[in-house]
Amino acid sequence: MTPELTVNGVTVRTFDEVYADLESQYKAIYGSDIDLSQNTPDGQKIGIIAKLMIDMESFGLNLYSQFDPDFSQGEVLNKIVKLAGISRSPATKSQVDVTITTDRNLTLTAGFTVEDENGNLWITSVDRSLLLGDNAVSLLAENSGAISASAGTITTPVTIVLGVQSVANPAGAVQGLNEETDELLRIRRNRSLQRPAYSTVGSLFSKLVNISGVNDISIYENATSTHDDTFDLAPHSIWAVVEGGAISDIIETIAKEKTAGTGLKGSTLGTYNETLLRSDGSSFTIPHDMKFDRPAYTAMYINLTVTRKDSAVPVDTDLIKEKLTEVNFKINQSAVVTELYGAIYSAGNSFIATVLEISDDGIAYVNSSLDNGLKDIFTVDATNIDITEIIP
């Protein structure tokens, strides 16, 4: 049998089939009495050639598989998904919203830099027009990755601008993400092929989620003529909670996507100035005052007991904590105790995990699940994880 490309795909041989084919051809040339055992030069030569041939056939099979986006990898996958109009999400930089107080109207140019208490630099990526008073501005970390900064720690301007009186971050930074994996990119590509049929709110969601730097979104709607007590939302209003992304981009998207007369809820405010041209070439500006909310972060506390399977083999509790801190929650996502066991056992199997409990205040613990607020995200920090190790 030789490698074939058929309607069913590529068919290749096994190593034993390649070796047997070469052995048969050698005997046809040199006679059936030739010694081809593995300890002879001829036998070893056939083995080397067979290995080279099976490597080439395997390469061909792998190359053929790369044409299917559900099986392709790396750079080949990057090229194929472009046919669907998408590309791999690169590693992102951490982002923080700061309040810049000025004593005059001014233009803050791209590259305005502020330093936090740990020496990390936070920089504006675009020019911003600031008005007298308080202005909400988004800054990006100088380097990509999960760079953290607590509320009230980004306060020291490195770039001195006349008119800027103070800088402060009322909330912590949204940490950056790693580059999108092959698996997640395949999932996103398959979703992109679904028939686009969005409501007005669904369309707003799809536009916001594609803004650079946005990690997560929740949108709540009250389409009735009465106040919605569940969402605390006025009649005919929407409430967008957006994690990550520049305020200016989010404000512009909401202004363009929401319908006229729709109310908005949120404590993050901004204005999108829409400039239109008259027939004589002159322009006029329509200001759109928009608002939305950033998520609030709820610390999760975890208590856990681990029992050694072998009393002489200690449990790597630090690795367990590390794996638990890697668990990512979405906005308004409940925390389910049983789902955390997967993260725990990804740290090894030399122990038995029991008595797993979680809490949102470090006082009252449950062994089932915890609900979260409509705009809240659970976070897990190693300092809030208490592991008791038992030696049998």
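Only the coordinates and a few stated rules stand behind these numbers; no lab work does. Every value quoted in this text rests on a predicted model; they were computed, and no experiment measured them. Note that we place each Cβ from the backbone using ideal geometry, even for glycine, and neighbour counts take in every protein chain shown.
Pairs with C-alpha atoms separated by more than 21 Å, drawn from the list 207/256; 207/375; 330/375; 82/258; 93/258, are 82/258; 93/258. Legend: P(r) of segment 35-169 from all alpha carbon pair distances, 10 Å bins from 0, whole percents, reading 11, 25, 14, 12, 13, 10, 8, 5, 2, 0.
Which of the peptides 171-182, 104-115 is most tightly packed, and how do the rest follow, going by the mean number of other Cβ atoms within 10 Å of each residue?
171-182, 104-115
The ellipsoid equivalent to the alpha-carbon distribution of segment 232-327 has semi-axes of 52, 16, 8 angstrom, derived from the gyration tensor eigenvalues as √(5λ) and listed largest first. Set the Förster radius R0 to 51 Å, insert the Cβ-Cβ distance between residue 336 and residue 104 as r into 1/(1 + (r/R0)^6), and round the FRET efficiency to 0.05. E between residue 336 and residue 104, to the nearest 0.05, is 0.45. What the Cα atoms of segment 4-65 give is an Rg and a Dmax of 13.8, 42 Å. Only Cα sites of segment 116-170 enter the Debye sum here, all with the same form factor; the resulting log10 I(q)/I(0) across q = 0.17, 0.30 1/Å is -0.58, -1.62, listed in q order. Listed peptides 162-168, 288-294 appear in the order 288-294, 162-168 once ranked by packing, highest mean of other Cβ atoms within 10 Å at the front.
Counting only aspartates and glutamates at least 8 places from residue 321 when in the same chain, those with an alpha carbon closer than 16 Å to its own are 339, 357, 381, 386, 389.
Estimated at 0.36 nm per residue, the fully extended path between residue 190 and residue 91 surpasses their Cα-Cα distance by 33.5 nm. Working note: Cα gyration tensor of segment 296-390, eigenvalues times five, square-rooted, sorted largest first, giving semi-axes of 25, 12, 11 Å.
Would you mind computing Rg(Cα) / (2.2 N^0.38 Å) for segment 218-257, counting N as its residues? Rg over 2.2 N^0.38 Å, computed on Cα atoms: 1.31. Expressed as a fraction of 2.2 N^0.38 Å, the value expected for a compact globular protein of N residues, the C-alpha radius of gyration of segment 105-225 is 1.35. Remark on the chain: hydrodynamic radius 26.3 angstrom, per the Kirkwood mean of 1/r across alpha carbon pairs.
Here the extension length gained between residue 37 and residue 155 equals 34.8 nm, from 0.36 nm per residue of separation less the Cα-Cα distance. Only lysines eight or more places from residue 45 in sequence, or on another chain, were considered; those with a Cα closer than 27 Å are 27. Along segment 81-97 the Karplus relation, 6.51 cos²θ - 1.76 cosθ + 1.60 evaluated at θ = phi - 60°, assigns HN-Hα couplings of 5, 5, 5, 9, x, 10, 9, 5, 6, x, 4, 10, 9, 4, 9, 9, 9 Hz to successive residues, with x for each Gly and Pro.
Our estimate of slack between residue 322 and residue 132, defined as 0.36 nm per intervening residue step minus the Cα-Cα distance, is 63.9 nm.
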